[in-house]
1. Give the residues of region 206-241 that are assigned to a loop (DSSP other than H, G, I, E, B), closer than 23 Å to GLN150 by Cβ and either in contact (Cβ under 8 Å) with a residue 12 or more places away in the chain or within 11 Å of the chain's Cα centre (by Cα) (or both), sorted by residue number.
2. Look through ASP56, ASP60, ASP22 and report the one residue that is at pLDDT 95 or above and crowded, with 16+ Cβ neighbours inside 10 Å.
3. Could you count how many residues in region 123-181 are in contact with a strand residue (DSSP E or B) (Cβ under 7 Å, 6 or more places away or on another chain) and either hydroxyl-bearing (Ser, Thr, Tyr) or assigned to a helix (DSSP H, G or I) (or both)?
4. Given the residues LEU179, LEU153, which is the only one that is surrounded by fewer than 16 Cβ atoms within 10 Å (Cβ to Cβ), within 27 Å of ARG108 (Cα to Cα) and over 23 Å from the mean Cα position of the chain (by Cα)?
5. Please work out which residue is surrounded by the most Cβ atoms within 10 Å (Cβ to Cβ), limiting yourself to region 27-44 and to residues that are in a loop (DSSP other than H, G, I, E, B) and in contact with a helix residue (DSSP H, G or I) (Cβ under 7 Å, 6 or more places away or on another chain).
6. Confirm whether VAL110 is touching a strand residue (DSSP E or B) at 6+ places or on another chain (Cβ under 8 Å), in a loop (DSSP other than H, G, I, E, B) and of a type in the set (A, V, I, L, M).
7. Return the residues of region 114-130 that are over 19 Å from LEU156 (Cα atoms) and touching a residue at least 12 places away in the same chain (Cβ under 8 Å); say none if nothing qualifies.
8. Restricting to region 151-185, name every residue that is at pLDDT 95 or above and touching an Asp or Glu at 6+ places or on another chain (Cβ under 7 Å).
Amino acid sequence: MPLTSNKPTNAERFLNAYNNIDYAIRVRYNLNRSMGFSELVRKCVAFNYIVRKYEDELIDYGRLRNAIVHGNEDYIIAEPHDDVVDKIEKIERLLTSPPRALDTVCRRDVLTTADNKSIREVIMLIASSSYSNIPVFDSKNEIIGIANGQKILNELGKYLFSGGSADTFLDGVMIGDLLTSIENSDYYAFANIDLSVEEALEQFHNNSRLLAVLVTKNGGSKEKPLGIITGSDVIKMNNILENY
């Protein structure tokens, strides 16, 4: 009597991943259940980095699903290749159980500074830490902006060009005063501890001015930062998703 195996077939694995993807994105974006899968994918391209990245594959998988079951999931007429199954299961993982940014890409040792620090002090802090984006907080422990090395250099150049002295700028101007003239909330964002790598990437994709995302417990601006993600982490985030 031949041995039997409970190991799922490639078709079963494929259909399970496909159904989970379909359900996950419909629920996440509250989309109509009657919407076809291809239309669903094209609609979500605008909202989701993973769907946008794998748009062509997902649409192909929708067609393949129809070929496998031919209208009846109880009657499978084709078996997909191993590499196809591995790929759709990877996309499924990314959409249904994505890696958290706080666990993977966030720098946990969040370096901050106070708004009453001089520009010289902030430049020395940037130089000694090798961090080019440092959150600046006021006396109420609320962020007022991001001290960015390139922006500070640009402001110094403007000050010198107008006839001012470097020492006056470095010692007489406080970082808080500088930020009120050049900073706005487009340069930073807050997110809670459940922020995924995909969601973080989406924030940088949607806002070319974004310098940093600060992760706090509940995403509040007055909470202690638990982690920070900057534009320099985009390549790392792409690699994390590619190898997830």
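The values are calculated or read from the model by the stated rules, or taken from the named source; none is laboratory data. Just so it is clear, the structure is predicted and the values come from calculations on it, not from any experiment. No Cβ is skipped: glycine too gets one built from the backbone with ideal geometry, and neighbour counts run over all protein chains shown.
1. Correct list: ASN207, ARG209, LEU210, LEU211, PRO225.
2. Within the list ASP56, ASP60, ASP22, the selection yields ASP22.
3. Final tally of qualifying residues: 8.
4. Answer to the check: LEU153.
5. Per the stated criteria, the residue is LEU31.
6. yes
7. ALA114, SER129
8. Across region 151-185, the qualifying residues are MET174, ILE175.
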